[in-house]
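Participant: A single structure is presented below for examination.
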Ligand code: LLP
């Protein structure tokens with residue numbers, strides 16, 4: 001089901017026509033559907049209902065407080081990678097006790113902050129990180145709950161920049177070294193080693209790599225049991241892909257079904273860290289055509305959103321569907337490159353799109369709810385977009401458009 005569809009020839013987000021949002025809040029603007037977020041989250045929760053489990057939404061995908069708040073109200077846990085993300089979770093009403101902390105470079109300050117707020121678990125990626133957490137926990141007189149992220153060396157068959165479970169990636173501890181590392185934690189008195197975790201990449205469109213990774217991780221869990229190390233939870237990471245163009249990724253139910261034969265007789269709580277599969281198709285980016293510029297080689301539609309607003313096309317050459325908000329039956333469709341105003345040839349949102357366009361039209365870039373606003377920047381001194389969330393026929397502003405003054409707040413000229 002799509003939460004962004006045409007009603008009477010105009011694109012709607014749930015039951016709000018998106019041109020009304022443009023009128024009220026301007027463009028570019030990110031638009032999220034509350035029902036989509038909730039239903040996508042619920043699909044994971046339902047899929048794993050046969051086990052004790054916790055869906056920890058990966059905050060990096062979309063960290064807007066409104067988004068986090070909607071998921072927190074559902075009882076979601078969270079997967080964070082920085083102190084800033086933990087602060088966001090708490091500001092949005094999320095529970096630190098349901099929050100796991102991933103990432104390869106946690107600072108002492110971040111570890112201290114997380115321990116003080118009582119997070120559920122650290123997903124640890126190296127031996128020096130184990131040492132650091134042990135030291136900080138000792139200083140605070142606390143015991144740190146810890147999981148070791150293992151790198152199972154499986155090929156996620158996704159874009160190389162978002163593949164994380166291969167030997168050559170910087171993530172996790174090689175699975176063949178993991179048993180020894182778990183043993184060594186027994187000499188770290190301030191750690192409570194409770195889990196194993198594994199995340200092999202993002203935008204996976206088949207279950208095979210997940211099954212492969214899980215088999216390897218379960219073997220490790222058995223070996224750890226022989227060493228007297230009892231694992232309470234297994235965090236299987238995120239990574240389930242979404243439909244952008246012609247992908248047919250497994251649903252959360254199919255994903256759970258594929259893992260079921262391996263998980264069913266295990267006494268393990270299952271944690272998951274989906275990001276994209278919850279937020280990706282729950283959002284669009286709305287932009288306005290500023291100019292149409294035909295050249296000898298190409299026809300460009302220059303829009304008011306750019307690579308600073310949505311980096312994925314420039315960074316990964318990713319394809320996201322682009323639609324006109326209103327259809328013009330009388331305008332001739334042409335082949336356009338949809339480009340932003342930034343001074344870089346890589347500043348495009350889509351290439352070779354057959355669209356019937358006029359100057360001033362609104363365009364919707366689909367599947368922009370994950371890794372959209374979250375990866376945006378102020379490059380070219382462009383204020384970041386506004387974000388709204390729709391709920392049936394209501395519009396909630398969940399982030400104000402940045403102002404020109406916001407751009408250099410905190411900067412100083414030299415007083416000399
Ligand atoms: N857990 C960990 C440890 C992760 O590193 C990630 C994503 C996730 C969970 C969530 O993965 P998801 O379910 O969203 O696939 N910027 C890229 C995606 C980078 C993903 C990084 N890690 C993109 O726009 O495609």
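Participant: Pick from region 224-234 the residues that are assigned to a helix (DSSP H, G or I) and either exposed (fewer than 12 other Cβ atoms within 10 Å of the Cβ) or outside the structural domain of residue 48 (by TED's automatic domain parsing) (or both): which of them is nearest to the ligand (Cβ to nearest atom)?
Facilitator: Looking at residues that are assigned to a helix (DSSP H, G or I) and either exposed (fewer than 12 other Cβ atoms within 10 Å of the Cβ) or outside the structural domain of residue 48 (by TED's automatic domain parsing) (or both), I get 225.
Participant: Residue 43 - would you say it is part of a helix (DSSP H, G or I) and in contact with a strand residue (DSSP E or B) (Cβ under 9 Å, 6 or more places away or on another chain)?
Facilitator: It is false that residue 43 is part of a helix (DSSP H, G or I) and in contact with a strand residue (DSSP E or B) (Cβ under 9 Å, 6 or more places away or on another chain).
Participant: Report, by residue number, each residue of region 235-269 that is in a strand (DSSP E or B) and within 14 Å of the ligand (Cβ to nearest atom).
Facilitator: Matches in region 235-269: 235, 240.
Participant: Given 105, 94, which one is more than 15 Å from the ligand (Cβ to nearest atom) and in the same structural domain as residue 173 (by TED's automatic domain parsing)?
Facilitator: Only one candidate qualifies: 94.
Okay, residues lined up against (1) away from the ligand (no atom under 13 Å from the Cβ); (2) surrounded by fewer than 15 Cβ atoms within 10 Å (Cβ to Cβ); (3) outside the structural domain of residue 176 (by TED's automatic domain parsing); (4) in contact (Cβ under 8 Å) with a residue 24 or more places away in the chain:
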| residue | (1), (2), (3), (4) |
| --- | --- |
| 121 | no, no, no, yes |
| 125 | no, no, no, yes |
| 137 | yes, no, no, yes |
| 140 | yes, yes, no, yes |
| 143 | yes, yes, no, yes |
| 146 | yes, no, no, yes |
| 149 | no, no, no, yes |
| 154 | yes, no, no, yes |
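Participant: Somewhere in region 34-44, is a residue under 15 Å from residue 393 (Cα atoms) and in contact with a helix residue (DSSP H, G or I) (Cβ under 6 Å, 6 or more places away or on another chain)? Explain how you work it out, then say what you get.
Facilitator: First pass over region 34-44, keeping only residues under 15 Å from residue 393 (Cα atoms): 34-36.
Then keep just the ones that are in contact with a helix residue (DSSP H, G or I) (Cβ under 6 Å, 6 or more places away or on another chain); that gives 34, 36.
Within region 34-44 (the criterion being under 15 Å from residue 393 (Cα atoms) and in contact with a helix residue (DSSP H, G or I) (Cβ under 6 Å, 6 or more places away or on another chain)), the answer is yes, since at least one residue qualifies.
Participant: Here is a follow-up. Within region 185-201, identify whether any single residue is modelled with pLDDT of 95 or more, in contact with a strand residue (DSSP E or B) (Cβ under 7 Å, 6 or more places away or on another chain), within 16 Å of the ligand (Cβ to nearest atom) and closer than 18 Å to residue 257 by Cα, and answer yes or no.
Facilitator: Checked region 185-201: no residue is modelled with pLDDT of 95 or more, in contact with a strand residue (DSSP E or B) (Cβ under 7 Å, 6 or more places away or on another chain), within 16 Å of the ligand (Cβ to nearest atom) and closer than 18 Å to residue 257 by Cα.
Participant: OK, next. Looking at 333, 306, which one is crowded, with 19+ Cβ neighbours inside 10 Å and either assigned by TED's automatic domain parsing to the domain that holds residue 378 or touching a strand residue (DSSP E or B) at 6+ places or on another chain (Cβ under 7 Å) (or both)?
Facilitator: Among 333, 306, only 306 is crowded, with 19+ Cβ neighbours inside 10 Å and either assigned by TED's automatic domain parsing to the domain that holds residue 378 or touching a strand residue (DSSP E or B) at 6+ places or on another chain (Cβ under 7 Å) (or both).
Participant: Can you pull out every residue in region 10-25 that is in a loop (DSSP other than H, G, I, E, B) and within 25 Å of the chain's Cα centre (by Cα)?
Facilitator: Selection gives 14 alone.
Participant: Looking at the structure I just gave you, is residue 68 closer than 23 Å to residue 242 by Cα, without any contact (Cβ under 8 Å) to a residue 40 or more places away in the chain, in the same structural domain as residue 262 (by TED's automatic domain parsing) and buried (at least 22 other Cβ atoms within 10 Å of the Cβ)?
Facilitator: yes
Participant: Another question about this same structure. Please find, among 287, 295, the residue that is closer than 20 Å to residue 11 by Cβ and away from the ligand (no atom under 16 Å from the Cβ).
Facilitator: On inspection, the qualifying residue turns out to be 287.
Participant: Just to be sure I understand the filter: pairs with C-beta atoms under 9 Å, separated by 6 or more residues or on different chains, first member in region 191-202 and free of Cβ contacts under 8 Å to residues at least 12 places away in the same chain, second member more than 16 Å from the ligand (Cβ to nearest atom). Which pairs pass?
Facilitator: none
Participant: Now, a different point. For residue 291, only one of the following conditions fails: (1) touching a residue at least 40 places away in the same chain (Cβ under 8 Å); (2) under 30 Å from residue 208 (Cβ atoms); (3) exposed (fewer than 14 other Cβ atoms within 10 Å of the Cβ). What is its number?
Facilitator: Single failed check for residue 291: (2).
Participant: Quick check on region 47-58. Is at least one of its residues in the same structural domain as residue 241 (by TED's automatic domain parsing), away from the ligand (no atom under 15 Å from the Cβ) and in a helix (DSSP H, G or I)?
Facilitator: No, there is no match, as no residue in region 47-58 is in the same structural domain as residue 241 (by TED's automatic domain parsing), away from the ligand (no atom under 15 Å from the Cβ) and in a helix (DSSP H, G or I).
Here is a yes/no grid of residues against (1) modelled with pLDDT under 95; (2) more than 16 Å from the ligand (Cβ to nearest atom); (3) farther than 24 Å from residue 31 by Cβ:
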{"residue": "278", "(1), (2), (3)": "no, no, no"}
{"residue": "291", "(1), (2), (3)": "no, yes, no"}
{"residue": "300", "(1), (2), (3)": "no, yes, yes"}
{"residue": "329", "(1), (2), (3)": "yes, yes, yes"}
{"residue": "342", "(1), (2), (3)": "no, yes, no"}
{"residue": "349", "(1), (2), (3)": "no, no, no"}
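Participant: Would a scan of region 384-400 turn up a residue that is surrounded by 12 or more Cβ atoms within 10 Å (Cβ to Cβ), away from the ligand (no atom under 16 Å from the Cβ), more than 23 Å from residue 34 (Cβ to Cβ) and in the same structural domain as residue 323 (by TED's automatic domain parsing)?
Facilitator: no
The values are calculated or read from the model by the stated rules, or taken from the named source; none is laboratory data. Note that the structure is predicted; figures quoted are calculated from it, not measured. We place every Cβ from the backbone using ideal geometry, glycine too, and count neighbours over all the protein chains shown.
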